[in-house]
Amino acid sequence: MNLITDIERKLDALATHSLTRRRRVTDGACAPRQKVDGRDLLAFCSNDYLGLAAHPQIIEALREGASLYGAGSGASHLVSGHSRAHELLEQRLAESMAPYLVEARALSLCTGYMANLAILTALGQDGEAMIFSEALNHASLIDGARLAKAGVTVYPHGDVAALDALLAASSAATKIVVTDSVFSMDGDLAPLPALLAACERHGAWLVVDDAHGFGVLGANGHGALEHFGLQSPNLIYMGTLGKAAGVGGAFVAAHASVIELLIQRARPYIYTTAAPPALAHALLTSLAIIGGDEGAARRAHLTALIDSLRGALRFERWQLPLSHTAIQPVIIGSNDDALRASASLHQQGLWVPAIRPPTVAPGTARLRVTLSASHTHSDVARLADALNELERAAP
């Protein structure tokens, strides 16, 4: 078979099952109102939960960072790319996570995907480890587990009793439990207190991917650990800096010895060029906003928007799972129906993406609504009216 023909056959199979993905081109800064493929839309699809991506103070800090450090880092962190800006950012992140960890230290990486690969491959490198992975974990955690030399077992979503039994039966020298904090397609929270208690009983690490919690959860925006009031030497925390923080990158926070192990072992950290120092410089301003009065006000407004949307939706057939986070999934079912609903919203000037397998389970295709502190109550009311009407008119 011709090589190109084989590729085209695979693409045709995706199209047949309504699984083709497409990119849209946006003009301007990330914000609720954007020009998308040349058309003005009200967007409910970014992870800019606090509306900081276009914050004027952060934009100015990015300019300042470029003037101080230039456009790029030039090398990996371990060669010559670790700038003063990176060092200050890591120190600030370690300070923010100190109440929840023991001897906290932080390490910055280019993306959350790389951070998760770094954690799991470094901890599971000896081949004597077992990774216990949540059933609904993000793809980066799944891939990190696959790349590690450790064994892998999957425990059912939110089932602490099942996990406890698996941990009790395991004779692995190193046990690693890994979970999202906020599940990116459902918006629900992992039972972190019970998971941590199980890990402490069985001498296991608990790796928490707080990509959708950092900046949003907790009184100071410190994320899921603050939200639940957790503190333990068994915790390894990953937070992203391109969602609620509004810029880019990610970090791992844990005991200083864990971070040192990542520096020495984690290939996604060792063998990649460091992120531009200007981003780290801008993130210092972002962290100050998150932890200050403005950040608290933005979180309060976001909470009010979430409550408004959930109170306004009146579904009879579509499902609105329980979620008190900025991620509000509307489960429709079939791929085609979800695509039609998304297209209908698009015609009305609303940008809400359809999420289909393999991102979610077959038969649970959905609209993934995400809210931002930059939305208004009238924006949310407009979306709710459109969704209610669509559900009533759906075949």
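The values are calculated or read from the model by the stated rules, or taken from the named source; none is laboratory data. Predicted model, so just to flag it, every value in this text is computed and none were measured. Note that each Cβ is placed from the backbone with ideal geometry, even for glycine, and that neighbours are counted across all protein chains shown.
So here's what we get for this one:
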quantity	calculated
Odd one out for I270, checked against (1) in the same structural domain as R92 (by TED's automatic domain parsing); (2) of a type in the set (V, I, T); (3) touching a Ser or Thr at 6+ places or on another chain (Cβ under 6 Å)	(3)
Output for region 222-278, where each listed residue is of a type in the set (F, W, Y) and outside any loop (DSSP other than H, G, I, E, B)	F228, Y237, F251, Y269
Hits in region 14-39 - residues which are farther than 22 Å from A341 by Cβ and surrounded by 11 or more Cβ atoms within 10 Å (Cβ to Cβ)	A29, C30, A31, K35
Test: residue in region 352-374 that is closer than 30 Å to A66 by Cβ and either assigned by TED's automatic domain parsing to the domain that holds G249 or not hydroxyl-bearing (S, T, Y) (or both)	yes
Filtered residue count, region 353-391, keeping only those that are under 21 Å from E316 (Cβ atoms) and either free of Cβ contacts under 8 Å to residues at least 24 places away in the same chain or among the acidic types (D, E) (or both)	4
Flag if A211 is touching a helix residue (DSSP H, G or I) at 6+ places or on another chain (Cβ under 6 Å), part of a helix (DSSP H, G or I) and modelled with pLDDT of 95 or more	no
Complete set of residues in region 357-395 that are in contact with a Leu (Cβ under 6 Å, 6 or more places away or on another chain) and part of a loop (DSSP other than H, G, I, E, B)	L371, A373, H375
